[in-house]
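The values are calculated or read from the model by the stated rules, or taken from the named source; none is laboratory data. None of the values given here were measured: they were computed from a predicted structure. All Cβ positions, even for glycine, are placed from backbone atoms using ideal geometry, and neighbour counts span all protein chains on display.
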Amino acid sequence: MPAIAAVGLLGTVLLAGVALGGNGDDGSEALTPAVDPASIITTPVPELTVPESIPDVTSEIDDEPEVDKVPLERTLSKGLAGDDVRRVQQRLADLGFVPGPIDGIYGDQTIMAVWAYEKLVLDVASNAPTGRVTPEMWDRMQDSFRINPRRPNAPSQNHVEVYLPEQVLAIFHDDVPVTITHMSSGTGEEWCEEVTISPGEYGNRDGEEPIIRGECGISNTPGGVFQTYRKVEGVRDSALGSMWDPTYFNYGIAIHGAMNVPLQPASHGCIRVPLSISPDVQALIGMKEFVYVWDGEKEPEQNGSPPPTFNWLDPDYESTTTTSSTTVPESTTTVAPATTQPPATTQPPATTQPPATTVPPATTVPPATTVPPATTQPPATTVPPQDG
């Protein structure tokens, strides 16, 4: 009965979500949903209650022998290298963060791991981490402590925790953090764009070719409790944008890799993680595992399992011959390059005039085709596509 009630409640909220996305404040008719929500199957989450006690983010390890701390003689930042960088990388990895290769080079992946540490452990605002390790921070990082899940003993043996206020995602196996990473979620803004939908994605489930059309939506990432129900390896184009190695947990919302994972929320509702770790993140998350999403206002169980606001078809969309560079990476190849125009050398050359052979013929002048054609300019694909 609880499962049936949950499904009934989900259907009610679902219809409300579609109506919210389609109706204007002036009472106009609902806009056409881009996808029939009834065609999307997810795993209903059983009714859960908020635990009586929630562990602190960190706790001391009493049975771990105390080690001599190694002082840090400088503040570490991007581009630096050395044994001190390697020690910081190793400590971050031991705690569950993902600094990239333990190679002693302070690169972008190490910076994002430090961001996650600052936001989750040091309680730095999500848009204000420095990405640097000071001697004081390193001293504290060497303390004997562990990162705790907010939901130990979750119904699934392994589970995911998403902290929207901190913009951090953590994967726990048997309550031990195996990955803690910086992330970027939905902006909460309304949008209208040309989207590409790969075959097999919602809106193109039975198609054999990508669909390109105009859609509108709201970039919200709802808080609540969900379960993973689908994974796809590699890159996918969906109505929410381009996704690498997506793991779906709330209808079209997925945890996936992205080229752009800024400090602020930037997605259409999905959970972006750094592209370099997306295959590993997907491999660490199993099917039917619980995903807890904190919105900063309520506990996940208090929110239930609300669906996102579903997209609707853009009534003002007009198809163009040149598709959007941000949503259709391959579209630039469909435009005929300038070199397909007949080159200037197809005109009768000056050598056809009688004595002109004593004068350097016009063909010695570099023909128009020697000018770099339009395709030599950085193609639109160099701009990161809009990720989900």
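Consider residue 202 carefully, then state whether it is among the aromatic types (Phe, Trp, Tyr) and within 22 Å of residue 32 (Cα to Cα).
Working: among the aromatic types (Phe, Trp, Tyr): yes; within 22 Å of residue 32 (Cα to Cα): yes.
Yes: the conditions hold for residue 202.
So which of 108, 94, 63 is modelled with pLDDT of 75 or more and within 30 Å of residue 288 (Cα to Cα)? Walk me through it before giving the result.
On the way: 108 fails: within 30 Å of residue 288 (Cα to Cα); 63 fails: within 30 Å of residue 288 (Cα to Cα).
It is 94.
Keeping to the stretch 63-120, report how many residues are of a type in the set (D, E, K, R) and part of a loop (DSSP other than H, G, I, E, B).
The number of residues fulfilling the criteria is 9.
For the stretch 143-220, give me every one of the strands (runs of 3 or more DSSP E) that falls completely inside it and has 3 or more residues that are within 24 Å of the chain's Cα centre (by Cα), touching a residue at least 24 places away in the same chain (Cβ under 8 Å) and closer than 15 Å to residue 120 by Cα. First the steps, then the outcome.
On the way: elements: 145-147, 158-163, 168-173, 176-182, 190-197, 211-218.
Correct list: 158-163, 168-173, 176-182.
Among the candidates 30, 5, 19, 34, single out the residue that is within 24 Å of residue 306 (Cβ to Cβ), at pLDDT 75 or above and surrounded by 11 or more Cβ atoms within 10 Å (Cβ to Cβ).
Numbers: 30 fails: at pLDDT 75 or above; 5 fails: at pLDDT 75 or above; 19 fails: at pLDDT 75 or above.
Every option except 34 fails the conditions.
Name the residue, out of 185, 126, that is in the same structural domain as residue 49 (by TED's automatic domain parsing) and among the hydroxyl-bearing types (Ser, Thr, Tyr). Spell out how you get there, then give the answer.
Working: 126 fails: in the same structural domain as residue 49 (by TED's automatic domain parsing).
Of 185, 126, the one residue that is in the same structural domain as residue 49 (by TED's automatic domain parsing) and among the hydroxyl-bearing types (Ser, Thr, Tyr) is 185.
Test residue 118 against the criterion of being in the same structural domain as residue 184 (by TED's automatic domain parsing) and within 30 Å of residue 186 (Cβ to Cβ), and give yes or no. Steps first, please.
Details: in the same structural domain as residue 184 (by TED's automatic domain parsing): no; within 30 Å of residue 186 (Cβ to Cβ): yes.
Spelling it out, it is not the case that residue 118 is in the same structural domain as residue 184 (by TED's automatic domain parsing) and within 30 Å of residue 186 (Cβ to Cβ).
Pull up the stretch 121-138, narrow it to residues that are in a helix (DSSP H, G or I) and in contact (Cβ under 8 Å) with a residue 24 or more places away in the chain, then point me to the one that is nearest to residue 170 (Cα to Cα).
Here is the first cut: in the stretch 121-138, the residues in a helix (DSSP H, G or I) are 135-138.
Next, only the ones that are in contact (Cβ under 8 Å) with a residue 24 or more places away in the chain stay: 135, 138.
Numbers: 135: 26, 138: 22 Å.
Within the stretch 121-138, the match that is nearest to residue 170 (Cα to Cα) is 138.
Please find, within the stretch 241-282, the residue that is modelled with the highest pLDDT out of those that are on the phi > 0 side of the Ramachandran plot and outside any strand (DSSP E or B). Outline the logic, then answer.
Taking the stretch 241-282 as the starting set, the residues that turn out to be on the phi > 0 side of the Ramachandran plot are 241, 245, 251, 269.
Remaining after also requiring outside any strand (DSSP E or B): 251, 269.
Working: 251: 90, 269: 95.
Result: 269.
Would you check which residues across the stretch 182-196 are among the aliphatic types (A, V, I, L, M) and either surrounded by fewer than 24 Cβ atoms within 10 Å (Cβ to Cβ) or within 19 Å of residue 249 (Cβ to Cβ) (or both) and list them?
183 - this is the single residue of the stretch 182-196 that is among the aliphatic types (A, V, I, L, M) and either surrounded by fewer than 24 Cβ atoms within 10 Å (Cβ to Cβ) or within 19 Å of residue 249 (Cβ to Cβ) (or both).
Consider residue 235 against the criteria (1) touching a strand residue (DSSP E or B) at 6+ places or on another chain (Cβ under 7 Å); (2) buried (at least 16 other Cβ atoms within 10 Å of the Cβ); (3) at pLDDT 95 or above: it satisfies all of them except one. Which criterion is unmet?
(3)
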